[in-house]
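The values are calculated or read from the model by the stated rules, or taken from the named source; none is laboratory data. The shown structure was predicted, so the numbers you read here are calculated from the model rather than taken from an experiment. No Cβ is skipped: glycine too gets one built from the backbone with ideal geometry, and neighbour counts run over all protein chains shown. Heads up: the accessible areas ignore ligands, DNA and RNA and are worked out on the full protein's heavy atoms, side chains in. Shrake-Rupley method; radii C 1.70, N 1.55, O 1.52, S 1.80 Å.
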Amino acid sequence: MTGGSDRAAELSANLQVLRARIAVACEAAGRPADDVTLIAITKTFPASDVRLLAGLGITDVGENRDQEAAGKAAACADLEPALRWHFVGQLQVNKVKSVVGYADVVHSVDRPRLVRALGTRARAAGRVITCLIQVDLDQPPDPERGGAQPADVAALAGDVAAEEGLVLGGV
């Protein structure tokens, strides 16, 4: 692994390239680049990288494993401005309490039981969690992957919208 200043320079260069690609894509789509939220997925990278990314202007960080995310969120809790944490992996109900402790957004809401668990834990923690519904578009559905069936999305969105402590953010 390279030293801190080398790593910061590497991350900065990568971000410049990525932001330029986003700007080109947005221009082609006729929308402002400011409309896009860049979420740095830091899977397998250390909290020190998250801290460097925050210093480079990253405000949104995502993880797909609770154990890794919880540790990184705790290690970076002192950053100002505070990071916005996204949980992007398949979420088991038994991990909800931990995830609600740090995540601002859950990207993988796919069943009513998970909605109820998130709402209960969000209220108990005095937090509001933004939920994105994960939709399974595989035909036939892949049982190894998460996601609500398209026919179930409207009802699931209603469940999220009705659950105190949760905000429906989209799909």
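Computed values, structure above
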item: Positive-end residue of A69, A117, P81, charge dipole of the range 59-171 with Cβ unit charges; result: A117
item: Hull volume in cubic angstrom per residue (convex hull over the Cα atoms of the range 89-139); result: 70 Å³
item: Gained length - A77 relative to V171, 0.36 nm times residue gap less alpha-carbon distance; result: 31.1 nm
item: Restricting the range 75-171 to GluC sites (Glu not before Pro) in coil, as DSSP defines it, with at most 10 other Cβ within 10 Å; result: E144, E164
item: Shape of the range 93-171, Cα gyration tensor, a/c cut at 1.5; result: prolate
item: Estimated FRET transfer efficiency (I22, V135; beta-carbon r; R0 22 Å; 0.05); result: 0.40
item: Furthest towards positive pole of dipole, V17, L38, V50, structure part the range 12-171, Cβ charges; result: V50
item: MRE, 222 nm, helices only [DSSP H, n ≥ 4, -39500 (n - 2.57), over the chain, to nearest 500]; result: -14000 deg cm²/dmol
item: Degrees, to the nearest 10: 153-162 long Cα axis against longest axis of the chain; result: 80 degrees
item: Accessible area (Å², 1.4 Å probe, nearest 10) - K95; result: 80 Å²
item: Cα gyration tensor shape of the range 59-111, rounded if a/c is under 1.5, else prolate or oblate by comparing a/b with b/c; result: prolate
item: Fluctuation leader among D110, D159, D66 - the chain, Gaussian network, Cα springs under 10 angstrom; result: D159
item: Alpha-carbon centroid distance for the pair the range 2-46 / the range 156-171, whole angstrom; result: 30 Å
item: Distance (nanometres) between label positions extended 7 Å along Cα→Cβ at A47 and R116; result: 3.5 nm
item: Within the range 1-107: Cβ-based charge dipole about Cα centre, in debye rounded to nearest 20 (Lys, Arg +1; Asp, Glu -1); result: 260 debye
item: Angle in degrees between helix 4-29 and the longest Cα principal axis of the chain, rounded to the nearest 10; result: 60 degrees
item: Principal-axis tilt of helix 66-75 within the chain, Cα atoms, nearest 10 degrees; result: 50 degrees
item: Environment charge of D104, counting only residues whose C-beta is closer than 15 Å and scoring Lys/Arg +1, Asp/Glu -1; result: +1
